[in-house]
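Below: one structure, written as structure tokens.
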Amino acid sequence: MDVLYFAWVRERIGVPKERVETGAATVADLVEELRAREPRYAAAFADLSALRVAVDQELADFDAGLAGVREVAFFPPMTGG
Amino acid sequence: MQVRVQQEAFDLGVEAAGFAAAQSDMGAVVTFTGIVRDGAEGGMVAMEIEHYPGMTQKALEEIAAQAVRRWDLGDALVIHRYGRLGRDEMIMMVATAARHRRAAFEAAEFLMDYLKSRAPFWKKEIAADGAEWVAAKDEDEDALSRW
């Protein structure tokens, strides 16, 4: 699936988007896999309360399932308006 | 209902007048405009607005559709810019049309509250000596609970 990062999450990880091959069942499982990769991921995902997630371009929770999902995005709380 | 996500500036007068003129039997039109202000205590030179292209349009349309249904609006307009904006530039606007003013005001406030924390935009303040992401405020999240 495609994993996208925005705002400071993108800056901390260093890429806006990447292709991830994963068998993770939920967003939380995917986060665990990413954290284990490299320190920059561990740093970006250190505090999940500071992060929001969208699954296939809809806001979701960290326990959302990933079956059939094409795109997951991680970002800080939004500051529109 | 119209939602536009764009980099270029918009003309508030033209948009507001066009929106109002297109209504019929609507007794009230409310517009709100958000403008770049210096949140960096005098040092801000610009604001950079990032968004999530695949999601933004859809998220805004859902928020606007909710407002139209809930307040039985004649119409709603949302324009939100992204990219680099200078101080005092207009960031976004909403317009609502309803038969009575209370619905038009409330729907505009609802749109603003939801745009703040449910539309995928992120603001970064650029100062001469560095840049900083604008943090979401608890009060913005709390504002949703009144709806």
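At a glance:
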quantity	calculated
Debye intensity ratio I(q)/I(0), log10, segment B:2-145, q values 0.11, 0.19 Å⁻¹ (C-alpha model)	-0.42, -1.15
Cut-off 12 Å between beta-carbons: net charge of the residues surrounding A:Arg35, Lys and Arg +1, Asp and Glu -1	-3
Average beta carbon contacts from partner chains per residue of A:71-78, 10 Å cutoff	5
Sequence-distant residues sharing a close amide H with B:Val45 (under 5 Å, placed H)	B:Ile126, B:Ala127, B:Ala128
Restricting segment A:1-68 to GluC sites (Glu not before Pro) in coil, as DSSP defines it, with at most 11 other Cβ within 10 Å	A:Glu21
Where labels lie 7 Å past Cα in the beta-carbon direction, separation of B:Arg87 and B:Gln23 in nm	3.5
Label-point separation, B:Asp138 to A:Asp56 (7 Å along Cα→Cβ), nm	3.6
Chain A: C-alpha gyration tensor shape, a/c 1.5 cut-off, then a/b vs b/c	rounded
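No lab work stands behind these numbers, since they all come straight from the coordinates. Source: prediction; values computed, not measured. Note: ideal-geometry Cβ built from the backbone for every residue, glycine included; neighbour counts use all protein chains shown.
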